[in-house]
Structures are given as C-alpha cells and as structure tokens.
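What follows is calculated from the coordinates using simple rules that are stated; it is not laboratory data. Keep in mind it's a predicted model, so treat the numbers as computed, not measured. Cβ sites come from the backbone with ideal geometry, for glycine too, and all protein chains shown count toward neighbours.
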Amino acid sequence: MFEEEEEEEEEENKRYRDEPLHTEKIFSDRKTFFIDLKANNRGKFLKITEDVRGRRDTIMLPAETLEEFIDALQNVSDVIGNEDSED
C-alpha cells in the first residue's frame with residue numbers, strides 16, 4: 001500500500017514539473033522562443049527554448065537569478081540602443 005502512495009506522489013510531482021506555471025512565446029524570423037515558468041521540488045525556474053525548424057536549444061535559469069539575468073539583458077539592450085543612436 002505504501003509503495004502505491006509513493007508512486008502516486010511521484011507521478012503527481014512529475015505532472016507538476018512538466019506543466020508550466022506561465023508561458024510566453026516570441027516569434028522572430030524563422031525562430032520561435034518559448035519562455036516557460038516552471039517549478040519542481042527545488043523551486044521555480046525559467047526554461048527558455050529556441051526552436052528553429054524543429055531543432056531546439058534550451059537553457060534553465062533558477063528563479064533566484066532572474067533579476068540579474070534581466071539586468072544583464074537590459075545592459076545589452078542599452079549598448080545596442082547606444083550604438084544605434086551613434087549612427
């Protein structure tokens with residue numbers, strides 16, 4: 001009986017890990033980017049997937065580093081914006 005409860009709990013945890021809490025999709029040329037907020041037993045994380053004609057590359061980003069990641073992206077965006085304004 002105890003084994004059945006463990007299996008049910010494990011299956012529920014797997015479903016919990018597999019289902020995103022929130023999803024965003026970005027289309028750019030022939031690429032599609034999926035930004036999924038997910039969770040597992042260690043906490044929340046961001047899964048960013050780039051799909052190019054069926055070929056997928058993915059990075060996982062712990063929620064604790066999300067602000068730092070966003071700041072870095074903003075810095076890169078600012079540099080790009082500065083370069084564009086110099087032209």
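Give the order of Phe69, Phe27, Phe45 when sorted by the count of other beta carbons within 10 angstrom, beginning with the fewest.
Numbers: Phe69 14, Phe27 8, Phe45 18.
The order, fewest Cβ neighbours first, is Phe27, Phe69, Phe45.
When Asp18, Asp36 are ordered from fewest to most other Cβ atoms inside 10 Å of their Cβ, what list results? If you can, show how the numbers build up before the last one.
Working: Asp18 9, Asp36 18.
If I rank by nearby Cβ atoms, fewest first, I get Asp18, Asp36.
For Asp84 and Ile35, FRET efficiency with R0 = 30 Å and r from the beta-carbon atoms, rounded to 0.05? List each step's numbers first, then the result.
Working: r = 25 Å, r/R0 = 0.82.
Approximately 0.75, to the nearest 0.05.
Per 0.36 nm of contour for each residue apart, how much would the distance between Phe69 and Leu21 grow if the chain were fully extended, relative to their Cα-Cα spacing? Spell out each step's value before the answer.
Working: separation 48, 0.36 × 48 = 17.28 nm, distance 1.94 nm.
So the extension gain works out to 15.3 nm.
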